[in-house]
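Heads up, the thing below is written out as structure tokens.
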Amino acid sequence: VLYVTKDGGATWTSYTAPSTINSFDVHPTDPEKLWITCNSTSSRVLVSTNAGATFTNISGNLPAIAARSVKVDDTANEGIYAALNIGVYYTNKNMTGWINLTDNLPQVAINEIEIHKAAGKIRIGTYGRGAWERALYTACSAPVSLTSTNIKTSEATVNWAADAAAT
């Protein structure tokens with residue numbers, strides 16, 4: 001159950017989620033928009049645009065395992081980081097699915113995920129394996145000055161201008 005107040009606690013409304021809520025995060029500038037993670041293999045990450053009255057399942061291609069924590073980056077594309085028992089995943093409002101950001105993290109339950117903007121990192125707390133961090137997700141721009149030459153049946157030479165944001 002999710003309890004919501006819009007008047008500083010004078011009145012409360014309760015909403016039923018599809019499963020037990022493990023974590024939530026609220027949009028930094030729109031208090032009506034929130035994300036929850038659930039202890040479910042089908043409704044793992046959900047978003048509400050009406051303070052929890054209704055939810056949309058955005059679990060998509062996430063592994064069918066409960067999500068334990070969610071954090072939303074305060075960027076224009078609303079980057080969403082979700083921590084599951086087997087990794088950390090990312091999506092944003094411009095992407096069609098989730099990508100795995102796990103790198104070398106052991107497969108262990110993740111209890112908390114936080115964004116540290118000043119350091120440009122996400123930090124997670126695990127169950128029994130300590131803390132872990134990685135750089136915030138940044139997408140490279142589309143290639144500029146893309147050209148192809150020497151095109152053959154099974155090969156081609158492709159060139160493009162360097163992207164300063166790429167590492």
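For segment 5-89, the solvent-accessible area works out to 45 Å² per residue, with a probe of 1.4 Å and every protein chain left in place. Treat segment 1-81 as a sphere of radius equal to its Kirkwood radius over Cα pairs and apply Stokes-Einstein at 20 °C in a medium of 1.002 mPa s; give the translational diffusion coefficient in µm²/s, rounded to a whole number. Roughly 165 µm²/s, to the nearest whole number. Among Lys152, Lys71, Lys117, the largest mean-square fluctuation in a Gaussian network model of the chain (Cα springs under 10 Å) belongs to Lys152. The charge dipole of the chain, taken about the Cα centre with unit charges on the Cβ atoms of Lys, Arg (+1) and Asp, Glu (-1), comes to about 280 debye, rounded to the nearest 20. Charge tally around Ile21: other residues with Cβ under 13 Å, Lys/Arg +1 each, Asp/Glu -1 each, net +1.
The count of lysine pairs in segment 34-167 with alpha-carbon distances below 27 Å, taking only pairs 8 or more places apart or on different chains, stands at 5.
For segment 9-56 versus segment 82-153, the spacing of their alpha-carbon centroids is 23 Å. Here the scattering of segment 82-150 is modelled by Debye summation over its C-alpha atoms, one equal scatterer each and no solvent; at q = 0.11 Å⁻¹ the log10 of I(q)/I(0) is -0.35. Straight-line reach from Lys6: taking Cα to Cα under 20 Å and skipping same-chain neighbours fewer than 8 places apart, the aspartates and glutamates in range are Asp25, Asp30, Glu32. For Val4, the accessible area of its heavy atoms, probed at 1.4 Å with every protein chain present, is near 20 square angstrom. Based on the Stokes-Einstein relation at 25 °C and a viscosity of 0.890 mPa s, and on the Kirkwood radius from alpha carbon pairs, the chain is assigned a translational diffusion coefficient of 138 µm²/s.
How would Ile36, Ile115 rank on accessible area, largest to smallest, probe 1.4 Å?
On the way: Ile36 0, Ile115 45 Å².
Ranked list, largest accessible area first: Ile115, Ile36.
Counting pairs of alpha carbon atoms under 8 Å apart in space and at least six apart in sequence, what relative contact order in percent does segment 11-122 give?
On the way: 246 pairs, mean separation 20.0, N = 112.
Computed over segment 11-122, the figure is 18 percent.
What's the carbon and sulfur percent of the chain's accessible surface, probe 1.4 angstrom, rounded to a whole number? Answer for the chain is 51 percent, counting heavy atoms of protein chains only.
Can you give the relative contact order of segment 58-105 as a percent, counting alpha carbon pairs under 8 Å and 6+ residues apart? Spell out each step's value before the answer.
Details: 74 pairs, mean separation 13.8, N = 48.
Here the relative contact order equals 29 percent.
Other residues lying with their Cβ under 11 Å from the Cβ of Ala51 contribute a combined charge of 0, Lys and Arg counting +1, Asp and Glu -1.
The values are calculated or read from the model by the stated rules, or taken from the named source; none is laboratory data. As the structure is a prediction and not an experimental result, all values here were calculated from the model. Cβ coordinates were reconstructed from backbone atoms using ideal geometry, including for glycine residues, and neighbour counts include every protein chain displayed. Please note that ligands, DNA and RNA were not included when accessible areas were found on the heavy atoms of the full protein model with its side chains. Shrake-Rupley method; radii C 1.70, N 1.55, O 1.52, S 1.80 Å.
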